[in-house]
Amino acid sequence: MRPTRGHRQVDHTADLALDLWAPTEAELLEEAGLAMVAILTEGAVLASNGACDIRIDAVDREDRLVQWMNEVLYWATVQGFLLTSAELAVEHDAVVGRAYGQTAALAEVRTELKSATYHDLRVVVEDGAWRARVVIDV
Amino acid sequence: MKVKLRQLDEHRWEIPAEGGMRVPGRIYASEAMVRDIRQDQSPQQVANVAHLPGIIDCALAMPDMHWGYGFPIGGVAAFDAEEGVLSPGGVGYDINCGVRLLRSDLTRSDVHGRLEDLSLVLHRAVPSGVGSKAARALNDRELDDVLVKGVDWAIREGFGTRADREVLEEKGRMAGADPSQVSARAKERGRPQLGSLGSGNHFCELGYVAEIYDEPAAEAYGLKKDALTVMIHSGSRGFGYQVCDDWIRAMVQASKKYGIRLPDRQLCAAPLSSPEAQAYFQAMACAINYAFANRQVMTHQVRTAMSKFFGASDRSLGLRSVYDVCHNIAKWETHRVDGVEQRVCVHRKGATRAFGPGHPDVPERYRSVGQPVLVPGDMGRYSFILKGTERAMSETFGSSCHGAGRHMSRSAAKKAAAGRPIFKELQDQGIWVRSDRKATVAEEIPEAYKDVSDVVEVMDRAEVAKKVAKLIPLAVVKG
């Protein structure tokens, strides 16, 4: 039986696609962020020694997912902050909350990703579960 | 919508205008390629582009096409100044990803038995790899200077000469750049990275001229059989990705504001005359200039390293820029539309400009033969130099293919490479590959890519761009 929450990479010719699922949107977003970090670090085990507050404005659920993933990417590749967990909520289309992770961790980033994209993007609620497909430009 | 393809001739296929398409689509491909093309979404993406307002003549795709973000990779479209739009999806995340080619008076015999050492020297000279950075980060004032002046900044700082400038697309400096249209985050990403290759399919490659197909054009370009060349493939790094990200968000809003119906959100756009499109153009121009400067700084790094290695000045080695092409860009150009010269906004997304003989934008020394078109292949086979033609001007808004295109996913490539001594396999072919990340090399194995000679053959037979020379790699630095 599949876990209630998770992600898997889907084979994609030029880039990288992720299937995500979780019981709530907030958990879906957290899962997406963690999946991003797992790809960037090739699955490195990370410590949690830092935190930051989050507010990301978006226009809809698809936009929220892409903006959030790109925020995680920015933290990782520019600030060296690698997400290990997050407490998130959706308020008036924005993602708010607090992110926890490892700081000063640029050296753990092993792969270059350009951006999460809107291509073929799907965020749906099916049978009470949140599911998404997102493609990342490599 | 299942896209229909109707064969027009040996190399051209039409997607008839149906539904919301304002114009037909036109794909350049061989029959064998079309079988593959039908397997992915790229024909649908060509049809989607044809929905955009103000599109002129047809939505085009070159034979290296595959699906992309908004536009397909290999996509070309031109838009009317009054009724047309500007779309970041028609430019791409890596704004002004492109290729610089250097020629030299060195030959293969000059590096016989020395490639192992020279490849290491080049690997050390050009910062490469994930998150690669320059030796020194720019300050705010310097970065703004780069964003406005492009290669002129690099030349002023001693990273090149006016001779370089004269043979670059746009002379290495796109007009209209305004750093105030660029976010603080993009600048933060750009400051430390100028003069670095990046990762993925970016590379710095030493090769040699293996074959010449057009002697007069090769002579004009300074290419001789057996002579060594250097090709640098890179773009605007994190700066450009962030500019694209920022502006896709803005353009999604603009599309709603201007009532532009989008078959795909990544095709978000605004009317060319709108403040949003003009602001994106100004930001895009900054990224274009960043990439030009980036490739110029790396050119300098290569010249310095080779000069030291061979114990001679780069001038005496004849290490001159042949040309520098952009393959992710949107710009204003004048083209003949229905017999009348018209200023249009041409988007090239994984496509290369290919202006024909006589065009004033072709450098004077090449004007009689046509603009060089640089088409890199994979690291194990070959690359090609083509020349632009009059047929390109009349059929493709002066555009051609840009490379080979992948046909194997990264994970499939890694599986195919698992357990194989890839570096040794290539060395046995006479090619030294250097990279800080084995996984990158695995992802970039030659068989992960289509054969670029097939792509180039279509362009040549369709007379859109004609073959001038074939280059074969000797030493490759991968990010």
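Just so it is clear, none of the values below were taken in a lab; they were calculated from the coordinates. Note that the structure is predicted; figures quoted are calculated from it, not measured. Here the Cβ is made from the backbone with ideal geometry for all residues, glycine too, and neighbour counts use every protein chain on show.
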>> From the phi angles alone, apply the Karplus equation (6.51, -1.76, 1.60; θ = phi - 60°) to the range B:182-191 and give each ³J(HN,Hα) in whole Hz, x where the residue is Gly or Pro.
In response: 9, 6, 4, 5, 5, 5, 4, 6, x, 3
> Expressed as an acute angle from 0 to 90° and rounded to the nearest 10, what is the orientation of the C-alpha long axis of helix B:452-461 relative to the principal long axis of chain B?
Replying inline: 60
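May I ask for the equivalent-ellipsoid semi-axes of the protein assembly as shown, computed as the square root of five times each C-alpha gyration tensor eigenvalue and listed largest first in whole Å?
36, 29, 23
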> Tell me, what ³J(HN,Hα) does each residue in the range B:155-164 have, in order and in whole Hz, if you take phi through Karplus 6.51 cos²θ - 1.76 cosθ + 1.60 with θ = phi - 60° and put x for Gly and Pro?
Replying inline: 5, 4, 7, x, 9, x, 10, 4, 4, 5
> So what's the back-of-envelope 222 nm ellipticity for chain A, counting only DSSP H runs of four-plus at -39500 (n - 2.57) apiece and dividing by all residues, rounded to 500?
Replying inline: -7500 deg cm²/dmol
> For a paramagnetic label modelled at 7 Å from the Cα of B:ARG420 toward its Cβ, which residues of the range B:433-449 fall within the zone defined by backbone nitrogen distances under 17 Å?
Replying inline: B:433-434, B:438-449
>> Can you compute 3J(HN,Hα) from phi for each residue in the range B:46-54, using the Karplus curve 6.51 cos²θ - 1.76 cosθ + 1.60 with θ = phi - 60°, rounded to whole Hz and x for Gly and Pro?
In response: 4, 4, 4, 4, 5, 7, 5, x, x
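Pulled fully out, how much extra length does the chain show between B:ASP40 and B:SER274, if you take 0.36 nm times their separation in residues and subtract their Cα-Cα distance?
Residue separation times 0.36 nm, minus the Cα-Cα distance, leaves 80.9 nm.
Tell me the chymotrypsin sites (Phe, Trp or Tyr not before Pro) within the range A:1-78 that lie in a loop according to DSSP and have at most 12 other beta-carbon atoms within 10 Å.
Answer by residue number: there is no such site.
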>> With unit charges on the beta carbons (Lys and Arg positive, Asp and Glu negative) and the dipole taken about the Cα centre of the range B:219-278, which residue among B:LEU228, B:ALA254, B:PRO275 sits farthest to the positive side?
In response: B:ALA254
>> Suppose the chain between B:ALA17 and B:ARG343 were pulled fully straight at 0.36 nm per residue; how much longer would it get relative to their current alpha carbon spacing?
In response: 115.0 nm
> Sequence-distant or interchain residues sharing an amide H contact under 5 Å with B:ARG12, placed H: which?
Replying inline: B:ALA29
> How high is the FRET efficiency between B:TYR258 and B:ASP451 when r is their beta carbon distance and R₀ equals 56 Å, given to the nearest 0.05?
Replying inline: 0.85
>> What do you get for the angle between helix B:115-125 and the principal long axis of chain B? Use alpha-carbon atoms, 0 to 90 degrees, nearest ten.
In response: 60
> What residues have an amide H closer than 5 Å to that of B:ALA270, excluding those fewer than 5 places away on the same chain, when H is modeled at 1.01 Å from N in the peptide plane?
Replying inline: B:LEU86
> If you find the alpha carbon centre of the range B:413-468 and of the range B:277-301, how far apart are they in angstrom?
Replying inline: 27
>> Cut-off 18 Å, label point 7 angstrom out along Cα-to-Cβ of B:ALA250: give me the residues of the range B:59-86 whose amide nitrogen falls inside.
In response: B:85-86
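When the dipole is taken about the Cα centre of chain B, and only Lys, Arg (+1) and Asp, Glu (-1) are charged at their Cβ, what size is it in debye, to the nearest 20?
The calculation lands at about 1160 debye.
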> Can you give me the Cα centroid spacing of the range A:54-74 and the range B:14-41 in angstrom?
Replying inline: 34
> Taking the Cα atoms only, what angle lies between the long axis of helix B:275-310 and the longest principal axis of chain B, rounded to 10 degrees?
Replying inline: 10
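Go ahead and estimate [θ] at 222 nm for chain B from helices alone: -39,500 (n - 2.57) per DSSP H run with n ≥ 4, summed, over the residue count, rounded to 500.
Numbers: 16 runs with 158 residues, N = 479.
Helices in chain B give a 222 nm mean residue ellipticity of -9500 deg cm²/dmol.
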> Mind checking the log10 I(q)/I(0) for the range B:323-379 at q = 0.13 Å⁻¹? Debye, one equal scatterer per Cα, no solvent, two decimals.
Replying inline: -0.39
> So how much slack lies between A:ASP57 and A:ALA44, counting 0.36 nm per residue of separation and subtracting their Cα-Cα distance, in nm?
Replying inline: 1.7 nm
> In terms of modelled amide H atoms, which long-range or inter-chain residues lie less than 5 Å from the amide H of A:LYS114?
Replying inline: A:ASP137, A:VAL138
